[in-house]
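Shown next, in structure tokens, is the structure this report addresses.
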Amino acid sequence: MVPFLSDSLAVAKLQSFRGTMEIRETVQRLLQEMVVPDLAKIKDENSRIFSILDLTNKRLDDMNTHLADQSRRLYEIRFEL
């Protein structure tokens, strides 16, 4: 290969690589600016949802216990009759 041509190809490859790195860095920076703050909001909302779900499950357990007690009482009354 001609030395000049070889050098120009190396420069072109280097510029292409730098362009790719710039694009990568730009995309990474945009993702950090746009997505990361939203992830914090999502984590906060997720923890609140889990808290509400925990309270709901406790309430359902209480209702299930109450219904089982009512069923037992009805069975006892039916047995007495």
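The values are calculated or read from the model by the stated rules, or taken from the named source; none is laboratory data. Being a predicted model, the structure only gives us computed values, none of them experimental. Neighbour counts run over all protein chains shown; Cβ positions are idealised from the backbone, glycine included. In case anyone asks, the SASA skips ligands and DNA or RNA and just uses the protein heavy atoms, side chains included. Shrake-Rupley method; radii C 1.70, N 1.55, O 1.52, S 1.80 Å.
Filtering 20, 26, 65 for residues that are surrounded by 10 or more Cβ atoms within 10 Å (Cβ to Cβ), modelled with pLDDT of 85 or more and of a type in the set (Ser, Thr, Tyr) leaves a single hit, 65. Is it the case that some residue within region 30-48 is assigned to a helix (DSSP H, G or I), open to solvent by 100 Å² or more (accessible area, probe 1.4 Å) and at pLDDT 95 or above? Yes: region 30-48 contains one or more residues that are assigned to a helix (DSSP H, G or I), open to solvent by 100 Å² or more (accessible area, probe 1.4 Å) and at pLDDT 95 or above.
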